[in-house]
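No value in this document is a laboratory result; all are computed from the given coordinates. Here the structure is a predicted model, which means the values were calculated and not measured. Don't worry about glycine lacking a Cβ; one is built from the backbone with ideal geometry, like all the others, and counts go over all protein chains shown.
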RNA sequence: GCCGAAGUGGCGGAACUGGUAGACGCGCCGGAUUCAAAAUCCGGUUCUGGCAACAGAGUGCGAGUUCGAUUCUCGCCUUCGGCACCA
């Protein structure tokens, strides 16, 4: 055993012991309560970044804590291995995506191991393993048979840089989420999953996830976007191709205020007119092309053209013009709206621009027609100018107008969701092949179970452009499983969100060879604690909730939600620095900057270390390649050891908040670990003495700390305050070590070891042994609070006069109210403030304070 | 625009149920140790006044409820995050 703290040796020894004893393996045969702790698995991009380290450390602390509670813990790790970066690397470096991916995995696995993360590595898999993806192919064929997966032609978001289709969720501000390219609209044949079928259940389920952050639930609620309204059909007067136009509205109460109808550029009605009119065709083409490009323009002008078609109002019989307009979305509702300019701001702006009539039919607050000269009046209120419906409020008018339209057969109530079916086809190579055979005779035929998996060929050359699968004739050619005639394979692959939607369940059934999941998945799921970034609040978490239900309905699981408790960790930030190079900002890595501080110690600037050149501080921003401010975890571990890195990350901020990287903060964490180490060395080298007079005081601190740290880690998940409490306790040990006695110090140091074991496991392991214990600290039981150590004989109370702190008194625990109040009144300083005044009220908060109200 | 989260010392943060604001750490200041430095240890550190005891002010701003408000209510301001022509 070394006297000086040597993290490399300590960490290697601790990990060797854990590996030899198999303490990290999940054992479902143990009779103990089960606990499934999971961190979002990484994409194997090459090496870990600090965001990964934070994510996995948080989850590891929770897993280790739960193990020490005696639970059987499942804490697995794997790889979200399919995806575009592998193809990009293949193009750049001429290496096959499979090889690139597997090399990255090998490196990152070692990095994870160097952090001391307590994974059950026997369950590891990568989603590009055929043993994994065969089962999602199987599930997909089941979904096709059930009608929950289907193929249709659809206008899709086309990313012209990545040459692929994007899900709506992958389009951010009109740009591809990875490439940043402006997205175009194209129509191709796509496979879809009918997530809309589950929209209501996914929405309702959010109410039963009390341990998810409210922010995430709100985002999902908004994403699903449930609206109650009506479908209304307007008969079209002068169109040979169609006899009515259907719209969706949430405001049927404003039906009498409709002055025109508007359709999207992609709407069949607009398209049919475009066939015979060049100006309309041109306008529509412009809208379709520009729709996404213009979406990021803050103030898009309302534009449109009259189609020359006329519709009849279903109740008044009035004739209304039909326009094509750029503000109507093809992807929502029916792609057509009834326009009520008096009561809808968009309709109002459009009417202003084209001088269309505005007719108010909802009374303002004064009961009169509202003023709509400057803006639409969008509140609800009693109806006016609406025939028999005048005077009805929103709810009554909704029902009455619905009934009237239903009677005419011109409308009905309808629930509309913003959520659309999930397009899962990708025209990419490095993904899971969609298990479909296209037969000229039988159509789309799912690959039969006995022919699964459809292997993805791995010896390919990726050149960019179209997927290599499209030109691999040997691979594509196949006999139709139904009729035996020559057919071809589907060459599209799944969206990679497909793989990450069910991996948590497969970890529980790792190695299962004859089914997607086995009974162990029922045992372990739902995941008790899921940890990951807030950036997955909508996409991944919504798809996983959807898949869990699909697997449930397939009889594989018996719960409805995949993740019981969700922790979304904050970003990792670091100082960013720049200098001006020919009028352009060049970002300087923080380790090349020497800080300058003012006399308060505040950072006032910095210079480039090698040249002394001034550089400007650009603030604390998320660590990123573009800002060149990433801190390499591997370098930090090499310099300080994994435990110091873990401690700093857990101590610097609560897990949900963003974390500001600080070199001096890391030094502080390192200082604490070494101090703890030295304290134990000095303690075991000292001579056992009998109890000293400070024994009770130290024991009280120790057991208060056990209570607080247990609650902070287990319930509150405020690891930073748990660490602070242990630091405080060790400060007390230092102060009382001479007077508290050897045995009490031993008890305190053992408690510190156990309480810190989830956070700095290697150091805790070494010190646990040094304190005279055998075996892994991982399996040592969590310390228990000795209630008798918490008792005190006197209490310190604060005395306030009129709410202001004026003194402190020390009273026996058993002192009666009157005795306490007397002591408060007799405090020297308090007397100065109550002297000569009348005490109007005396408030005693037991164990806390006395407040004397004087006047 | 809508939704969500947050504003506390020089900095990261603490104060959990309305009850001592600033725990713990960083930084800074002073001291010890050292030939010296590193490392380590001890003390101080919200601001203002005072040698001190102590007093006054203080949790984004303005009101309110209360014996008492960082915490609750109302109205603003700012920052960050998400969604965004969703009919």
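Looking at chain A, what % of its DSSP beta bridges pair antiparallel, to the nearest 5? Write down the numbers at each step before the final one.
Working: 87 of 109 bridges.
Approximately 80 percent, going by the DSSP bridge assignments.
Sorting A:480, A:442 by the number of Cβ atoms found within 10 Å of their own Cβ, with the fewest placed first, yields A:442, A:480. Between 0 and 90 degrees, the angle of helix A:642-651 with respect to the longest Cα principal axis of chain A falls at about 70 degrees. Spin-label model, residue A:696 to residue A:379: label points 7 Å out along the Cα-to-beta-carbon direction sit 6.8 nm apart.
For the residues A:84, A:844, what sequence is obtained by ranking on other C-beta atoms within 10 Å, fewest first? Working shown, then result.
Working: A:84 20, A:844 16.
Neighbour counts put them in this order, fewest first: A:844, A:84.
For chain A, the longest principal axis of the C-alpha atoms and the axis of helix A:663-685 are separated by about 40°.
Our compactness index for the stretch A:701-808, the C-alpha radius of gyration over the empirical 2.2 N^0.38 Å, is 1.26. Scoring A:365-374, A:509-518 by mean Cβ neighbours within 10 Å over their residues and listing the highest first yields A:509-518, A:365-374. The share of Cα pairs per 10 Å bin across the stretch A:102-222, counted from zero up to the longest distance, runs 10, 20, 32, 32, 5 percent.
For the stretch A:402-543, just say rounded, prolate or oblate: build the C-alpha gyration tensor, square-root its eigenvalues into a ≥ b ≥ c, call rounded for a/c under 1.5, and beyond that prolate if a/b exceeds b/c, oblate if not. Don't jump to the answer; show the numbers that get you there.
Numbers: a/c = 1.81, a/b = 1.21, b/c = 1.50.
Oblate, since a/c reaches 1.5 and b/c is not below a/b.
Using C-alpha pairs below 8 Å separated by at least 6 residues, the relative contact order for the stretch A:472-537 is 17 percent.
With R₀ set to 45 Å, the beta-carbon distance separating residue A:406 from residue A:207 gives a calculated FRET efficiency near 0.90. Return, ordered by residue number, the residues of the stretch A:468-502 whose backbone nitrogen is under 16 Å from a label point located 7 Å along Cα→Cβ of residue A:450. Under cut-off, by backbone N: A:479-484.
Contact order, relative form, for chain A: 13 percent (alpha carbon pairs under 8 Å, 6 or more residues apart, mean separation divided by residue count).
Taking a ≥ b ≥ c as the square roots of the eigenvalues of the alpha-carbon gyration tensor, the stretch A:446-510 is classed oblate because a/c is 1.5 or more while a/b is no larger than b/c.
What shape does the stretch A:77-146 take by its C-alpha gyration tensor, where a ≥ b ≥ c are the square roots of the eigenvalues and a/c under 1.5 counts as rounded, a/b above b/c as prolate, and the rest as oblate? Provide the component values of the computation, followed by the final result.
Numbers: a/c = 3.30, a/b = 1.25, b/c = 2.63.
Cα axes put the stretch A:77-146 in the oblate bin.
Taking the DSSP beta bridges with both ends in the stretch A:64-195, the antiparallel portion is around 95 percent. Extents of the stretch A:644-739, largest first, come to 47, 28, 16 Å (Cα atoms, principal axes, whole angstrom).
In terms of the mean number of neighbouring beta-carbon atoms within 10 Å, the peptides A:752-761, A:383-392 order highest first as A:752-761, A:383-392. Note on residue A:27 and residue A:518: their simple-model spin labels are 1.8 nm apart, each label 7 Å out from Cα toward Cβ.
What length, rounded to one decimal in nm, is gained on full extension from residue A:721 through to residue A:197, with 0.36 nm per residue of separation minus their alpha-carbon distance?
Details: separation 524, 0.36 × 524 = 188.64 nm, distance 4.45 nm.
Net length gain for the segment: 184.2 nm.
Working from the Cα coordinates of the stretch A:536-643, the gyration tensor eigenvalues give, after taking √(5λ), semi-axes of 45, 16, 13 Å in decreasing order. Taking label points 7 Å from Cα along the Cα-to-Cβ direction, residue A:853 and residue A:113 give a separation of 6.9 nm.
Against the main long axis of the alpha-carbon atoms of chain A, helix A:719-740 sits at an angle near 0°.
Computed over the Cα atoms of the stretch A:350-442, what is the ratio Rg over Rh, Rh following Kirkwood?
Details: Rg = 23.8 Å, Rh = 18.4 Å.
So for the stretch A:350-442, dividing Rg by the Kirkwood Rh gives 1.29.
Direction-averaged projected area, Cα convex hull, chain A: 50.4 nm², rounded to one decimal. The slack in the chain from residue A:131 to residue A:632, taken as 0.36 nm per residue of separation less the alpha-carbon distance, amounts to 177.0 nm.
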